[in-house]
Amino acid sequence: MTPHEKPQHPAEPEAITVRIPTALRMLGLSRSQFYLMMKDGEIETIKVGRATLVVVASLHRFVAARRR
């Protein structure tokens with residue numbers, strides 16, 4: 001490899017879960033609105049120890065169901 005070549009790295013795997021602050025940024029919603037949607041079962045979460053993880057597929061489903 002020459003000094004100008006960049007090493008080939010495989011693409012980072014796509015996340016299947018994210019923390020709540022990341023999910024808020026992804027959707028652009030307020031924290032209170034997001035927690036209401038979690039409570040109503042519109043957004044799927046899992047608990048791992050003390051961490052609450054949001055299932056990214058549920059975010060995609062949420063948006064897809066509301067598209068016009």
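Helix 56-66: angle to the longest alpha-carbon principal axis of the chain, degrees 0 to 90, nearest 10?
60
If I stretch the segment between Ala57 and Met26 completely, what's the gain in nm (0.36 nm per residue apart, minus their alpha carbon distance), one decimal?
Computed gain between Ala57 and Met26 is 9.9 nm.
Work out the length of the dipole vector of segment 17-66 about its Cα centre, built from +1 on the beta-carbon of each Lys and Arg and -1 on the beta-carbon of each Asp and Glu, and round it to the nearest 20 debye.
180
Between Ala65 and Met37, how many nm apart are label points set 7 Å from Cα along the C-beta direction?
The two pseudo-label positions are separated by 1.0 nm.
Helix-only estimate, please: 222 nm mean residue ellipticity of the chain, summing -39500 (n - 2.57) across DSSP H runs of length 4 or more and dividing by its residues, to the nearest 500.
-12000 deg cm²/dmol
For segment 22-61, just say rounded, prolate or oblate: build the C-alpha gyration tensor, square-root its eigenvalues into a ≥ b ≥ c, call rounded for a/c under 1.5, and beyond that prolate if a/b exceeds b/c, oblate if not.
rounded
Report, by chain and number, residues whose modeled amide H sits under 5 Å from the one on Ile43, excluding near sequence neighbours (fewer than 5 apart, same chain).
Close amide H contacts, sequence-distant or interchain: Met38.
FYI, it's all coordinate maths here, none of it is from the lab. Quantities reported herein were computed from a predicted structural model and do not represent experimental measurements. When we count neighbours, we look across all protein chains shown, and the Cβ atoms used for this are built from the backbone with ideal geometry, even at glycine.
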